[in-house]
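To start, the structure itself, in structure tokens.
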């Protein structure tokens, strides 16, 4: 059933695939990022209550959504790496982790900058903020663990296990605003009901979310190519390529 | 599937399952402590199955809607008092200091302070809570009848304040 996937476990194929996809992904991501952010920051109407301060939503929400999306991608790669021991999946885990960590940091920092004028405080230990901070620590933990062993294989394996186990945090982050009383408001778009955000503000936001998603894939391609070259440097196909 | 892979698959699923159970049990046990604030009805009726009421003198947070017409300001100082409501009982908050920009009647707020008697809290910090609805001023006016005036165009309040 999954026979067609087998060539993609081969580092050489993935290296060339990433090389071909990368320029397209990067170009689309930058274009959408510019479009979404300029539209969102400059051309949307102000909010009826928060005025212009709400505009930080166009950075905060895409970063926050993709901090969780990136984590699920990392966890799936880690799961494949642990069960089927696919080398490319193993390297992907370590390639994705810093991207996700930066997204999480962006979400936390923009959230704090938003919280100060709107709520009146930079930080409050409510369930949403705390679980998102734990997500950042999970990313940092994966990065740190992978480098904490003298044997790189063992380090990668332990880091993958942490990545898989940390998935428990994702539903906690998402449902924290429903399960408990929090200062953070409820979900505006990631719910089944009609989005509680006006269409004039929603469209640039959706474009920004898509841009962050594609940017993650583009950065993954860049980092994965580097990881493949580093790990396969003594293989004939790398040597042949370097010899050209 | 190869037996070795199958073994690894089950081992990992078992680890995830056990940890999920452990975390769920932990969160269940800490249920009442994870809530950031009491609502007015929780404060008056008690919290959870055991109806635990907070003690007078206890530090806590209270969250609710500011009741329209209940905001009383002291003309000589920054002292202010207002009532909070969620579904039933009212709780009075006394505060001295600068209120956040979003503070207004009908707005959700979270106040941290000390419980003075059953329904009065002396707050040391008042935070505004905004909801998940975002809309332009014209839409809000049409939908909710809220007239938004930018701070630059606001008339200074007349009278003593």
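Some points to look at:
- Cα gyration tensor, segment A:21-161 - rounded (a/c under 1.5), prolate or oblate: oblate
- Each label was represented as a point 7 Å from its Cα along the Cα-to-Cβ direction; for residue B:96 and residue B:138 these points are 4.7 nm apart.
- Helix-derived mean residue ellipticity, 222 nm - over chain A, DSSP H n ≥ 4, -39500 (n - 2.57), to 500: -24500 deg cm²/dmol
- Shape of chain A, Cα gyration tensor, a/c cut at 1.5: prolate
- Among B:15, B:66, B:44, the largest mean-square fluctuation in a Gaussian network model of chain B (Cα springs under 10 Å) belongs to B:15.
- Here the scattering of segment A:84-152 is modelled by Debye summation over its C-alpha atoms, one equal scatterer each and no solvent; at q = 0.15, 0.19 Å⁻¹ the log10 of I(q)/I(0) is -0.60, -0.79.
- In terms of surrounding Cβ atoms within a 10 Å radius of their Cβ, A:234, A:58, A:6, A:16 rank from fewest to most as A:234, A:6, A:16, A:58.
- Taking chain A as a Gaussian network of alpha-carbon nodes connected by springs under 10 Å, the highest mean-square fluctuation of the residues A:104, A:28, A:190 belongs to A:190.
- Residues residue A:240 and residue A:112, FRET efficiency given R0 of 51 Å [Cβ-Cβ distance, rounded to 0.05]: 0.50
- Segment B:27-143 - percent relative contact order, Cα under 8 Å, separation 6 or more: 24
- Each part gets one Cα centre, and for segment A:1-45 versus segment B:33-74 those centres are 49 Å apart.
- Seen through its C-alpha gyration tensor, with square-root eigenvalues sorted a ≥ b ≥ c, segment B:36-146 comes out oblate because a/c lies at 1.5 or above while a/b is not bigger than b/c.
- Distance-filtered residues of segment B:69-104 - backbone nitrogen under 17 Å, label point 7 angstrom along residue B:114 Cα→Cβ: B:93-97
- Residue of A:83, A:222, A:124 that the Gaussian network model of chain A assigns the largest fluctuation, springs spanning Cα pairs under 10 Å: A:83
- Remark: the residue A:168-residue A:189 segment gains 5.4 nm on full extension, using 0.36 nm per residue and subtracting the alpha carbon distance.
- Look at the stretch A:182-190: the mean tally of other chain Cβ atoms within 10 Å of its residues' Cβ atoms is 4.
- A simple spin-label model places pseudo-atoms 7 Å from Cα toward Cβ; at residue A:158 and residue A:42 they are separated by 5.0 nm.
- Using the Cβ-Cβ distance between residue A:231 and residue B:18 with R0 set to 35 Å, the FRET efficiency works out to roughly 0.60.
- Fewest-first sequence of A:38, B:121 by Cβ atoms within 10 Å of each Cβ: A:38, B:121
Read the figures in this text as sums done on the coordinates, not as results from a lab. Nothing here was measured: the structure is a model prediction, and the numbers come from that model. Cβ coordinates were reconstructed from backbone atoms using ideal geometry, including for glycine residues, and neighbour counts include every protein chain displayed.
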